[in-house]
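The values are calculated or read from the model by the stated rules, or taken from the named source; none is laboratory data. Computed from a predicted structure; not experimentally measured. Counting neighbours? That spans all protein chains shown, and the Cβs are built from the backbone with ideal geometry, glycine included.
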Amino acid sequence: MAGFWRISTGQAISQYEMSDVCGAVATQDGSFLALSNSMGEVRFIDAVTLAEDPRRRIHRPELNWDNHMKVVVLP
């Protein structure tokens, strides 16, 4: 599970059910939060609504994501 807090108040504002969340990073433009898990899944959560965009899901079962994520910009 991933939890979301409003930093200015410390208030918990939402949660997202996903097994074994390992990594979290904002996309380069800040419009989505990418969450990964140890089963090779990456899900994209809208940074404003905190709803998942299922069309963006990535599933690479041959990969086991760790807790390190980084935004990489490709030319």
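Among the residues making up the range 38-50, those that are surrounded by 11 or more Cβ atoms within 10 Å (Cβ to Cβ) and either of a type in the set (A, V, I, L, M) or at pLDDT below 90 (or both) are 38, 39, 40, 42, 45, 47, 50. Considering only residues of the range 51-75 that are of a type in the set (A, V, I, L, M) and more than 23 Å from residue 14 (Cα to Cα), which is modelled with the highest pLDDT? Checked the range 51-75; the qualifying residue modelled with the highest pLDDT is 63. Is there a residue in the range 8-15 that is within 25 Å of residue 64 (Cα to Cα), at pLDDT below 95 and surrounded by 13 or more Cβ atoms within 10 Å (Cβ to Cβ)? So far as the range 8-15 goes, no, none of its residues is within 25 Å of residue 64 (Cα to Cα), at pLDDT below 95 and surrounded by 13 or more Cβ atoms within 10 Å (Cβ to Cβ).
When residue 43 is tested against (1) of a type in the set (D, E, K, R); (2) in contact (Cβ under 8 Å) with a residue 12 or more places away in the chain; (3) more than 21 Å from residue 12 (Cβ to Cβ), just one condition goes unmet, and that condition is (3).
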